[in-house]
1. Right, residue 64: open to solvent by 20 Å² or more (accessible area, probe 1.4 Å), under 18 Å from the mean Cα position of the chain (by Cα) and of a type in the set (A, V, I, L, M) or not?
2. If I go through segment 140-161 residue by residue, how many of them are more than 19 Å from residue 193 (Cα to Cα) and more than 21 Å from the chain's Cα centre (by Cα)?
3. Got a sec? Which helices (runs of 4 or more DSSP H) wholly within segment 217-274 have at least 3 residues that are farther than 18 Å from residue 180 by Cα and open to solvent by less than 30 Å² (accessible area, probe 1.4 Å)?
4. Considering 198, 124, 183, which residue is under 17 Å from the mean Cα position of the chain (by Cα), at pLDDT 90 or above and buried (at least 17 other Cβ atoms within 10 Å of the Cβ)?
5. On the basis of being farther than 22 Å from residue 62 by Cα and within 16 Å of the chain's Cα centre (by Cα), does residue 228 make the cut?
6. I need the full set of residues from segment 1-15 which are in a loop (DSSP other than H, G, I, E, B) and of a type in the set (Val, Ile, Thr), in order please.
7. Given the criterion open to solvent by 40 Å² or more (accessible area, probe 1.4 Å), at pLDDT 95 or above and closer than 17 Å to residue 205 by Cβ, identify the matching residue among 168, 145.
8. Which residue is nearest to residue 36 (Cα to Cα), if the candidates are limited to segment 198-247 and must be among the acidic types (Asp, Glu) and touching a residue at least 60 places away in the same chain (Cβ under 8 Å)?
Amino acid sequence: MTSRIEKRFAELKAVNRPALVTFVMGGDPDLATGQAILEALPQAGADIIELGMPFSDPMADGVAIQLGGQRALASGQTLRGVLGMVEDFRRKDENTPIVLMGYYNPIYIFGVDKFLAAAKDAGVDGLIIVDLPPEEDDELCLPALKAGINFIRLTTPTTDDKRLPAVLKNTSGFVYYVSMTGVTGAAIKSRGAVGEAVERIKSHTDLPVAVGFGIKTAEDAADIGKHADGIVVGSVLVDAVARSLVDGKATDKTVSAVRDIVADLAAGVKRARG
């Protein structure tokens, strides 16, 4: 059975353009505003949504996303609350794929089987769990695949040809290439090197390859999208939430601040191969 993620990449391949994958933190800065942001993303041009599961001790997130997670947790967000956001989203949008991104600890505490059942019922399409290597596939990856949820794995500039087959073995949906050795929010040092890395990964798999970390502008999206099947943008969106707040609270500019940047990025991916 074709997943929403597979279907979306196939649709975009048919029109020869990369996917715009947007990351927002679930429940940032509060549940109601986070829900409004989530529901605004497809109309602004997002093709796939990554929804962050806030965690108090992240290892791959830069300052912007760490602060987004802290705002969400401070407002009372929970893993169950993130699943509730997806469930509400699905009442209005049956087509846009949603991937939950975060860390294993909250899922372990929630209970793997219970979490996967709830995620499937809510309408989650995929998982990116940053701190679970392929050697731990029995923990969550294989149960997720059995439940019909894609498990998307990260590769990095240090993932060499010897390691890559193990990383790709149970990956599904798409491959997420981290464009740098570092955390989210830094700048890409060599776009040429990113293109070469994408081609190297493609020599090992037929899965789409999406590139994330360091993409901030429509120009970045257009340039990286020449080679990648998707571009992933997160920090600039979470930072837009932060800059719209007054005394830590959402304003009437918070949703539009994110929506405007997504629309600009969507224009970038549309001219990537034009």
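The values are calculated or read from the model by the stated rules, or taken from the named source; none is laboratory data. This structure is a prediction, so every number in the text was calculated from the model and none was measured. Glycine gets a Cβ as well: all are built from the backbone with ideal geometry, and neighbour counts include every protein chain shown. Remember, those area values only see protein heavy atoms, side chains included, never the ligands or the DNA or RNA. Shrake-Rupley method; radii C 1.70, N 1.55, O 1.52, S 1.80 Å.
1. Yes; evaluated as a whole, the condition is true for this residue.
2. The total comes to 1.
3. Qualifying helices (runs of 4 or more DSSP H): 235-244, 254-270.
4. 124
5. Considered against the rule, which asks whether it is farther than 22 Å from residue 62 by Cα and within 16 Å of the chain's Cα centre (by Cα), residue 228 comes out as yes.
6. Listed by number, the residues that qualify are 2, 15.
7. None of the others qualify; the one that does is 145.
8. That would be 239.
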